[in-house]
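Worksheet for the structure shown next.
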Amino acid sequence: MWNLEPLDALLAVLSRAFCSPLAIFIQIQGCVICLTLAIGWCGAAYVRNREIRRMKKDADGGNYFSFICQDINDLEHSAQVNLPRVSVIMPLKGFGEHNMQNWRSQITSLYGGPLEFLFVVESVDDPAYHVVSGLISEFKDSVEARIVVAGISTICSQKIHNQLAGIENMHKDSKYVLFLDDDVRLHPGSIGALTAEMQKNPEIFIQTGYPLDLPSGSLGSYCIYEYHMPCSMGFATGGKTFFLWGGCMMMHANDFREDLYGVVSGLRDGGYSDDMTLAAIAGEHKRLITSPPVAVFPHPLASDLSFSRYWNYLRKQTFVLESYISNVNWLMNRALFSSHCYLSWGFVWPYFMALTHFLAALRSLYSDRLSRELKVSSCLTLASCLVVSTVIELLSMWNLTKVEIQLCNMLSPEGPRVSLKSYNWGLIFLAMLVDNFLYPVSAIRSHFSQYINWSGVRYYLREGKISKIERFKEDVANYSDLGGKHLYGKRVYIPKASLLSSLSRRLFQWHQPKKYDS
């Protein structure tokens, strides 16, 4: 028989310690964090659900194109010809399993105004260059799209370098510019909805959206889903927000032409993060950031997303908080750093305490020592409260995910259906513990190391700006850390066009039979 007395002694000591006033506060705080998240997700679900009800009401009223626009009269030719020109800039690197489907969803937009797509790559050796070339050839004379070769960045991140190269090459008459990541799966009416909001309220500085992660089944993919879910509250306001996602940002083109508030110089001169930099500029100059309720986009994660690639993604996210362009940006990042670290471990520690209480209570049934020394009922009360709070939190997260999936399916009626059945809620709970435990570890490491490896490039920071860039091609894996995208591959197979692709071509030809003048 094993001697369990040392274990009983340890459980007794820990259980008594976890019943101290400080420990009780930490456990109560854990319950409050769970319930606060649950309330926030309920509010986000309400905003998204309100949009679903509106679309159903419009459809009942005869507007079967409510997924494109709220007022069916906006589809009249007289309204479409007056729509402003939009330049869509997509910085690319590598090619992954979901990229082709994402790019098709972007260029087959049903926006009726002048629209150009600029795919920006580092060099012609990037596998994305060959794939996009084939895609553009397939849609020639029906979609205005071209590739821009940006070259290698030297003083800012490659993504920002590609974005600014796109700005330099956009049409001189473009009124709005839309930055999209290659992992964004647009809805047919997304560009039109974003443009309509910009037209309605000229005070908007930036419009953004939110990625709904579709986990692939691995723990790493669920950790990324869990990491993004708290942010969904900030994006589901239906209007003004302080959050900004670099995967979808629409801005006034003239703001870049005039370098308003230093949007160009701030990004170009040592910038690492596009969204954090622009969010800091907006906050410093009190400019408006909004997120329309329809701006939620399916974000399928790589099927072979390993835990190590999740860890490097988390390192990248915490590394972002080390970059800044002003004192306001630095203060904002330090506040996010401190609050996120505190709340992450404030979320995790109560579960360790609750597990200790449950184990002590279980052992007390067989140990006279534990049954004499512990007040089992008082120990289990806080642990039981945490269990109830966790169940409420998970139900709220499930409800929001269900609502957003329903909204995405309604916004893309012809696209692939998104389903809630593939979500594993046991793994989601485990991912909540793992991700919140690792976040402070990653943040502290990023703070002291001041460098990050991402997609074969190592970036070093000094005083918040990129000071050195090293590129590796021989000694690193040939895919990016998050998407599993091949960075040094060759040509790949390009799937055939869909029904939506054909519809997009007809809309383009109806609006303007020939390509626009450059």
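When +1 charges are put on Lys and Arg Cβ atoms and -1 charges on Asp and Glu Cβ atoms, the dipole computed for segment 384-451 relative to its Cα centre reaches about 100 debye.
Helix 219-228 and the longest principal axis of the Cα set of the chain meet at an angle near 70°. Relative to the longest principal axis of the Cα atoms of the chain, the long axis of helix 158-169 makes an angle of roughly 20 degrees. Given axes a ≥ b ≥ c from the Cα gyration tensor, I'd like to know whether segment 287-349 is rounded (a/c under 1.5), prolate (a/b larger than b/c) or oblate. Here segment 287-349 falls in the oblate category. For the chain, the longest piece that avoids every one of the chymotrypsin sites (Phe, Trp or Tyr not before Pro) found in DSSP loops with at most 10 other C-beta atoms within 10 Å covers 3-365.
A probe of 1.4 angstrom, applied to the heavy atoms of all protein chains, finds K200 with accessible area near 140 square angstrom. The dipole here belongs to segment 1-155: it is taken about the Cα centre, uses +1 on the Cβ of Lys and Arg and -1 on the Cβ of Asp and Glu, and is about 480 debye. Dividing the helix sum by the residues of the chain, where each DSSP H run of 4 or more adds -39500 (n - 2.57), gives a mean residue ellipticity at 222 nm of -17000 deg cm²/dmol. Across all directions, the shadow cast by the convex hull of segment 100-259 built on its C-alpha atoms averages 10.9 square nanometres.
Note that segment 58-104 shows a convex hull volume over its alpha carbon atoms of 107 Å³ per residue.
So for the chain, averaging the separation of alpha carbon pairs under 8 Å that are six or more residues apart and normalising by length, what relative contact order in percent results?
Across the chain, relative contact order equals 24 percent.
In angstrom, the C-alpha Rg and Dmax of segment 377-419 are 17.2, 56. For the set I33, I428, I152, the ranking by accessible area, highest first and with no ligand, DNA or RNA atoms included, is I152, I33, I428 under a 1.4 Å probe.
Using only Cα coordinates, the Kirkwood hydrodynamic radius of segment 231-354 works out to 16.6 Å. Structure note, pairs K159/K402; K93/K140; K56/K175; K200/K465: Cα-Cα distances above 25 angstrom occur for K159/K402; K56/K175; K200/K465.
Pairwise Cα distances in the chain exceed 45 Å for 18 percent of all pairs.
Partners of K316 within straight-line reach, counting aspartates and glutamates whose Cα lies under 18 Å from its Cα and excluding those fewer than 8 residues away in the same chain: D181, D182, D183, D213, E226, D274, D275, D435, E463, E470, D481. According to the Kirkwood relation over distinct C-alpha pairs, the hydrodynamic radius of segment 24-102 is 17.6 Å.
Under a model in which nothing but the beta-carbon of Lys, Arg (+1) and Asp, Glu (-1) is charged, the chain shows a dipole of about 340 debye around its Cα centre.
The values are calculated or read from the model by the stated rules, or taken from the named source; none is laboratory data. Treat the numbers as computed from the prediction; the structure is a model and nothing was measured. Quick reminder, even Gly has a Cβ in these numbers, built from the backbone with ideal geometry, and neighbours come from all protein chains shown. Heavy atoms of the whole protein, side chains included, go into the accessibility calculation; ligands, DNA and RNA do not. Shrake-Rupley method; radii C 1.70, N 1.55, O 1.52, S 1.80 Å.
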